[in-house]
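Just below is one structure, and these are the notes that go with it.
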Amino acid sequence: MSHRGSIFKRQRPAWLAAALAAAAVSACGGDDGGERLTREELIAQADAICAAASAELDALGEPESGAALADLADQAAAIAEDQLGRLRDLRPPAEDADDYAAMLDLTERQIEATRGIAEAAAEGDAEAAQARIAEVQELDDEADELASDYGFAVCGAG
């Protein structure tokens, strides 16, 4: 998903963009024997998925409280999980399988950290929520770099 500036500076969890950015580049299609996409086809299809997910994330708004942050984090994680599922349906070129596996791992870690933000915020543990937010930001930076290096224009755009 597209990263639209520092989400934390806007009081919105960075996992929102992070999960989307990484998910877009972590499209690790299964080995079901279907036809693989070219790099260009993969980029075009994944960027379209990222753009749609980014619009959904942007529509979530800004949290006004810890409870609102918990709800927003849950919603963002659900959007990222859906996006990741759609991206997994894409079949990347065989020579890129290892790169996509690494990106998929990042995405899963981001979603897990996002769920951690929701849990900490729901419990009123601001320190734990901030720690998870920092974790997501770090993963987001890594995901943005991988996506950019691969050639995505929307997915991972920092």
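Read-outs throughout are calculated quantities, based only on the coordinates presented, and are distinct from any laboratory measurement. All of these numbers come straight from a predicted model, not from anything done at the bench. In this analysis, Cβ positions are derived from the backbone assuming ideal geometry, glycine residues included, and neighbour counts consider all displayed protein chains.
The table that follows gives values for the structure above.
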item	result
Per-selection Kirkwood Rh - the range 68-124 (Cα, Å, 1 d.p.)	12.3
15 Å beta-carbon shell around residue 45, net charge (K/R +1, D/E -1)	-1
